[in-house]
Amino acid sequence: MEKKLVQKLKKKLEEEKTAIENQLKRFAKKDIKPPGDWDTIFPKWDGEAGGSALEKAADEVEEYEARLPVEFSLETRLKDINLALEKIKEGRYGICEKCRKEIPQERLQVYPEARFCLKCKK
Ligand SMILES: [Zn+2]
C-alpha cells in the first residue's frame with residue numbers, strides 16, 4: 001500500500017481513537033488491568049430516602065443498562081483501532097486477517113480499522 005495513504009489513514013485512526021476515548025470518559029472509567037478495558041460506572045446511590053429516591057434509583061439503573069451496549073461497541077471499536085495502529089507500526093496494515101489478501105483501499109478509507117476484507121467479513 002502507498003505510504004502516503006497509510007499515513008492518511010493513520011491520522012484518521014488516531015483522531016477516531018481520541019474521539020472514542022473522550023466519549024468513553026464521559027461514562028466509564030479506564031481499567032488499569034487489563035489495559036484498554038473500560039468499565040461503565042454504576043450510578044451512585046445518593047442516600048435519599050422515600051419513594052422519589054427509589055424512583056430515581058430505578059431510572060439510574062435503567063440508564064446504566066442503556067449505557068452498556070454503547071460502551072461495548074465503543075470499546076470494540078477502540079480495540080480494532082489500536083490493533084490497526086499496531087499493524088501500521090509493524091508494517092502489516094491493510095492485510096485481511098483471514099485470507100491474507102490486501103483489503104481494498106476503498107474499504108479502508110471508509111473503515112480504516114477493518115480487520116477483514118468484505119468477503120471474509122460475511
Ligand atoms: Zn479476506
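The values are calculated or read from the model by the stated rules, or taken from the named source; none is laboratory data. Note that the coordinates shown come from a computational prediction; the quantities given were computed from them, not determined experimentally. Only protein heavy atoms, including side chains, enter the accessible area calculation; ligands, DNA and RNA are left aside. Shrake-Rupley method; radii C 1.70, N 1.55, O 1.52, S 1.80 Å.
Solvent-accessible surface (1.4 Å probe) assigned to T76 amounts to roughly 60 Å². The calculated P(r) of region 79-122, using every Cα pair and 5 Å bins from 0, goes 6, 26, 35, 27, 6, 0 in percent.
To the nearest 10, the accessible area of S73 is 70 Å² with a 1.4 Å probe.
Of V110, V61, V6, the order by accessible heavy-atom surface (1.4 Å probe, DNA, RNA and ligands excluded), from most exposed downward, is V110, V61, V6. Please go through the residue pairs K25/K122; K4/K121; K25/K119; K11/K98; K10/K79 and name each one whose alpha carbons sit more than 23 Å apart in this structure. In this structure, K25/K122; K4/K121; K25/K119; K11/K98 exceed 23 Å between Cα atoms. Largest accessible area first, the listed residues D80, D59 line up as D59, D80 when surface is computed with a 1.4 Å probe on the assembled protein chains.
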